[in-house]
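The values are calculated or read from the model by the stated rules, or taken from the named source; none is laboratory data. Bear in mind the structure is a predicted one, so any value in this text is a computation, not a measurement. A quick note on method: Cβ atoms are made from the backbone with ideal geometry, for glycine too, and the neighbour counts reach across all protein chains shown.
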Amino acid sequence: MIFDYKGQLFPDYLKRGNACQFITPAALHFCKGKGVDVGSGRWPLPGARAIDFADGGDAMRVDETDLDFVFSSHCLEHLANPVAALEHWKACLAPGGVLFLYLPHPDMTYWLPQNCRKHLHTWRPADMAQILRDLGFVGVIHSERDLAWSFAVVGFKPVDPDIETLEVLAEKPWLSPYFSKG
């Protein structure tokens, strides 16, 4: 049930994969409509088209430009250029579309790049939220570390308020709190 790694105790489920199971209920609140799960592995987000690297999928080969959401769980830290991937995923989103990231928290020493060579990067929640803001996402929110030693960051592709806001909100009313003035 518990394993020791370098003097720290962690639940053993962290070594079995399927981190998505811990965030799925929250992700489904935001990830509605047409979307993809980049790096899904054997456990894609329900309702998302899986893009799995084991099947030849590539984070940069998401080719739609009208997605309602891009979901990615424990994938971004494996990519050589995560900023390019974030920019590409943003380009694939429709106005008002959601980017939902679930990432390993750096408090989990087992997952740090120096200990897990498959992980090339690590971020603190506030730092990843700022990266999304810097890349032009709006309404960015983030969690802190959960019991899966992970965290979520959610951001929205901006909507041109003069042209598209009312159209987007008519199709996606759950987004209205993120585009209200005040």
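Quick notes
- Cβ-Cβ under 7 Å pairs, at least 6 apart or on other chains, segment 140-160 side touching a residue at least 60 places away in the same chain (Cβ under 8 Å) and assigned to a loop (DSSP other than H, G, I, E, B), far side surrounded by 22 or more Cβ atoms within 10 Å (Cβ to Cβ) and among the acidic types (Asp, Glu): none
- Conditions (1) farther than 23 Å from Phe3 by Cα; (2) touching a helix residue (DSSP H, G or I) at 6+ places or on another chain (Cβ under 9 Å); (3) of a type outside the set (A, V, I, L, M, F, W, C): number failed by Gln130: (2)
- Restricting Glu77, Glu87 to residues that are over 22 Å from Asn115 (Cα atoms) and outside any loop (DSSP other than H, G, I, E, B) narrows the list to Glu87.
A quick yes/no check of all residues on (1) buried (at least 16 other Cβ atoms within 10 Å of the Cβ); (2) on the phi > 0 side of the Ramachandran plot; (3) in contact with a Phe, Trp or Tyr (Cβ under 8 Å, 6 or more places away or on another chain):
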{"position": "Lys90", "(1), (2), (3)": "yes, no, yes"}
{"position": "Met108", "(1), (2), (3)": "yes, no, yes"}
{"position": "Arg133", "(1), (2), (3)": "no, no, no"}
{"position": "Val138", "(1), (2), (3)": "no, no, yes"}
{"position": "His142", "(1), (2), (3)": "yes, no, yes"}
{"position": "Ala148", "(1), (2), (3)": "yes, no, yes"}
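- Qualifying residue in segment 45-53 (condition: at pLDDT below 95, exposed (fewer than 14 other Cβ atoms within 10 Å of the Cβ) and touching a Lys or Arg at 6+ places or on another chain (Cβ under 8 Å)): no
- Figure legend. Inter-residue proximity from segment 3-14: first residues free of Cβ contacts under 8 Å to residues at least 40 places away in the same chain, second residues surrounded by 13 or more Cβ atoms within 10 Å (Cβ to Cβ) and not β-branched (Val, Ile, Thr), beta-carbon distance below 6 Å, spacing 6+ or different chains. Indicated pairs: Phe3/Phe10; Asp12/Phe3.
- Every residue from segment 137-164 that is closer than 17 Å to Asp66 by Cα and either touching a strand residue (DSSP E or B) at 6+ places or on another chain (Cβ under 8 Å) or modelled with pLDDT of 95 or more (or both): Phe137, Gly155, Phe156, Lys157, Pro158, Val159, Asp160, Glu164
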